[in-house]
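Single-structure report; data block below.
The values are calculated or read from the model by the stated rules, or taken from the named source; none is laboratory data. If you're wondering where the values come from, they're calculated on a predicted model, not measured in any experiment. Because the Cβ atoms are built from the backbone with ideal geometry, glycine has one as well, and the counts that use them run over all protein chains shown. When the accessible area is computed, the model is the full protein with side chains, heavy atoms only, and any ligands, DNA or RNA have been set aside. Shrake-Rupley method; radii C 1.70, N 1.55, O 1.52, S 1.80 Å.
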Amino acid sequence: PPRSTLFPYTTLFRSVQNPCWDASQVIGGLSPAEMAKRFQDVSYRLLIIEGEKKAAMLAQVMQDMNLPYHVISIPGVWMGVVGPRKNRRLVDEIGRFDMRDTAGRPRNCLIFFDNDKAFNPAVMDALLQTAIVMQKEGADVFVPNLPFGKKIKGADDFALMHCRAADGFNFQPLVDIIEGAIY
C-alpha cells in the first residue's frame, strides 16, 4: 500500500499526507545506536524543511561537509505539529529529539520553509506555531531566509542558481544562508 496509508497524518483539512522523512538517517545510513545518540546530543542542530528532495539534498550536503545538522523533511508546512492550537505537540519524528539536554543546553532548531512564507499568512502561521512548540520544549529556533527572486522559491532553486561551479556544485552559499539563520 502507499506510504500515506501505512503512516497517515492528517492536515487541518483532514486530508491524508505522507509522513515526515528523516533524510539524515536514510542518507547517512545511521544505525539505531547512532540515532539514539543524536536524539540526546543537542550539538546536532535539527533542520526541518518542506519536501523530501530538498531534505535529501541538504542531508547529503551536511554529511559531505561534516556539519552537525540533522535534516528532517515535512510534507507540508503544517506537518511538524499536531493537535489543537492550545495543545499542539511536535510530530513523533521531530519530538523524539531532546530539545534540551540534561545540563539545560538547548538544541538549535532551524525551520527552513520556502519563500512563500513572506506572502502567505497561513505559511507564516505554520512556521510560528511550529517554532512556539519547539521553544516550549526548550529549543532555540532559527529561520534561514533565502533571497527573493522570481525563480527562487526553495533551497533547491537557490542551489541551482547560486551553487553551480565549473566542476559540479559548491554548496557553501547555501550553507552560509543556513548558518546565518535569524533567531
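See the values below:
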| read-out | value |
| --- | --- |
| Segment residue 136-residue 102, length gained on full extension (0.36 nm per residue, minus Cα span) | 10.6 nm |
| Dipole magnitude (debye, nearest 20) for region 84-183, charges at Cβ of Lys, Arg, Asp, Glu | 420 debye |
| For region 51-162, with +1 on Lys and Arg beta carbons and -1 on Asp and Glu, the positive-most of 129, 152, 57 along the dipole | 129 |
| Within the accessible area of region 34-183 (1.4 Å probe), percent carbon and sulfur | 52 percent |
| Mean Cβ neighbour count within 10 Å, used as a protection proxy, ranking 50-57, 176-183 highest first | 50-57, 176-183 |
| Spatially near lysine pairs across region 70-183, Cα under 25 Å, sequence gap of 8 or more or different chains | 6 |
| Cα gyration tensor, region 106-161 - rounded (a/c under 1.5), prolate or oblate | oblate |
| Solvent exposure of the chain as accessible area per residue, Å², 1.4 Å probe | 53 Å² |
| Counting DSSP beta bridges with both ends in the chain, the antiparallel % (nearest 5) | 45 percent |
| Region 99-126 residues near the modelled residue 143 label - backbone nitrogen below 20 Å, point 7 Å along Cα→Cβ | 107-126 |
| Residue-averaged [θ]222 nm for the chain, counting only DSSP H segments that reach four residues, each worth -39500 (n - 2.57) | -10000 deg cm²/dmol |
| Computed lengthening from residue 52 to residue 82, 0.36 nm per intervening residue step minus Cα-Cα distance | 8.9 nm |
| Peptides 74-85, 139-150 ordered by average Cβ neighbours within 10 Å, highest first | 74-85, 139-150 |
| FRET efficiency, 1/(1 + (r/R0)^6) with R0 30 Å, evaluated for residue 60 and residue 151 via beta carbons | 0.85 |
| Largest-first principal axis extents, alpha carbons of the chain, Å | 49, 39, 37 |
| Given charges at beta-carbon only (K, R positive; D, E negative), |dipole| of the chain in Debye | 580 debye |
| Burial ranking of peptide ranges 156-166, 123-133 (average Cβ count within 10 Å, highest at the top) | 123-133, 156-166 |
